[in-house]
Amino acid sequence: MDIDELRSDTPGCAKVAHLNNAGAALPPRPVIDAVAGHFELESLIGGYEAAERNEAPIARFYDAVARLLGARPDEIAFVENATRAWDMAFYAIPFADGDRILTTTSEYSSNAIAYQQVAAAKGAHVEVVPDEADGTLSLDALEAELAKGDVRLVSLNHIPTHNGLVNPAAEVGRLCREHGVLYLLDACQSVGQLAMDVNEIGCDILSATGRKYLRGPRGTGFLYVRHGILQTLVPPFLDLQAADWKAPDGFVMRDDAQRFETWERHVAGQIGLGVAADYAAGLGMAEIEDRVLGLAARLREELAARPGVTVLDKGARPSGIVTFTVEGRDPAAVKAAAREAGVNVNVTNPVSHGYDPHARPAAVRASVHYYNTDEELERLLSVLP
């Protein structure tokens, strides 16, 4: 990677040391130009007319995301954000009384709310699989639960937002295939950071966002649904994008993943997200992963050497998310001090991870990307003891 060139292709790098990529990354110039260009075209000739003229780059989104994931274009849906993508798939699963939903302690509370809602409505049961000592999902415990039967869904996050670990997604996929159980992967923090292949992972459904490590626009996300299970899922709502109306009182759902879409969408965002996916694929996801994980490891090492700083990250395989506390300083105060020094970080909130049995304090979260530099890491360290 030519980091100088990549930084020059990222206007925000001249303004700030951006270590909040797990929140929203800085977009590169091609993404900015794609979004701005289509929006300007809408302003000049009209929204419908602009969509007709840019039909090819709109459609390119499906090929670009599929290429990034090793999927088929007809297994990809454009959705306005990762939460709605996840919801559209989860609420499409035909849960029944007695079904078991297995998840992990690090599950995001937004997903946990959906589990509890469905459990109350359908008579399903939500069960949290325990961790290994390093904080990752215990594969032995998961296999034991799968062997008991009645598991309708295994659902977990690939990379939690609050502790830096990477869950063993492919190993979970192998177990789910062996037991014939549906597997939903929340890849909000991993797509764009790690090399991903849905066939190797073995997930049936995957949701992700555009704004984080993929460096796409906010207000964009996507859903992958394996073609072999598509006909078993009925989206919670449909429109003329998702289904064809058959007068006088019938309809037929689409036979591809676009049954999870709605007709109205952020068209400029869809174009920009396709450009972002192509941009990442062009750089090479293996190279991106190496760069991100290397920078994060360097930052952890430097933080751990600082007196009064405690690195909180877990997992045998840490990600590009680095979390820590500073003795005697509130994380929000550290965030504010970093902002004054021209460095963006964020603060994790324990309420976002309600299944974690070990109460974790709020913490500073620094999430690196490939365009970050050692000098930017030093700028963050300079505001610490």
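Nothing in this text is a laboratory measurement; each read-out follows from the coordinates by a stated rule. From a predicted model like this one, the values you see are computed outputs, not experimental measurements. All Cβ positions, even for glycine, are placed from backbone atoms using ideal geometry, and neighbour counts span all protein chains on display.
For region 263-385, the orientation-averaged shadow of the C-alpha convex hull comes to 10.4 nm² (one quarter of the hull surface).
Other residues whose C-beta falls under 10 angstrom from the C-beta of ALA25 contribute a net charge of +3, scoring Lys and Arg +1 and Asp and Glu -1. Averaging the sequence gap over all C-alpha pairs within less than 8 Å and six or more residues apart, then dividing by the number of residues, gives the chain a relative contact order of 25 percent.
Each Lys and Arg Cβ is given +1 and each Asp and Glu Cβ -1; about its Cα centre, the chain then shows a dipole of about 660 debye. Restricting the calculation to Cα atoms, the chain shows an Rg/Rh of 0.98 when the hydrodynamic-style radius is the Kirkwood one. Distance between the C-alpha centres of region 295-318 and region 163-202: 25 Å, rounded to the whole angstrom.
Note on the chain: helix-only mean residue ellipticity at 222 nm, from DSSP H runs of 4+ residues weighted -39500 (n - 2.57) and normalised by residue number, equals -12000 deg cm²/dmol. Between ASP256, ASP140, ASP374, the residue with the greatest mean-square fluctuation in the GNM of the chain (Cα pairs under 10 Å linked by springs) is ASP374. Going by a ≥ b ≥ c, the root eigenvalues of the Cα gyration tensor, does region 100-241 fall in the rounded group (a/c under 1.5), the prolate group (a/b larger than b/c) or the oblate group? Rounded shape, in that the Cα axes give a/c under 1.5.
Extent of region 70-111 along its three principal axes (Cα atoms, max minus min coordinate, largest first): 34, 23, 21 Å. Each peptide in 240-248, 274-282, 363-371 gets a packing score, the mean of other Cβ atoms within 10 Å over its residues, and the list from highest to lowest is 363-371, 274-282, 240-248.
Among 56-65, 299-308, sorting by the average number of other beta carbon atoms lying within 10 angstrom of each residue, highest first, gives 56-65, 299-308.
3J(HN,Hα) along region 217-229, derived from phi through the Karplus expression 6.51 cos²θ - 1.76 cosθ + 1.60 where θ = phi - 60°, amounts to x, 5, x, 9, x, 8, 10, 9, 10, 4, 4, x, 10 Hz, with x in place of Gly and Pro.
Of the two radii for region 232-288, the radius of gyration is 1.19 times the Kirkwood radius, both from the alpha carbons; that is the Rg over Rh value.
Ranked by the mean number of other Cβ atoms within 10 Å of their residues, highest first, the peptides 16-28, 183-195, 258-270 fall in the order 183-195, 16-28, 258-270. Globularity index of region 181-272 is 1.22 (Cα radius of gyration / 2.2 N^0.38 Å, N = number of residues). Among the lysines, which fall within straight-line cross-link reach of LYS148, defined as a Cα-Cα distance under 23 Å, with same-chain neighbours fewer than 8 residues apart omitted? Cα-Cα hits under 23 Å: LYS122.
For TYR224, what is the net charge nearby, where nearby means another residue's Cβ is under 10 Å from its Cβ and Lys, Arg count +1, Asp, Glu -1?
Surrounding charge for TYR224 is 0.
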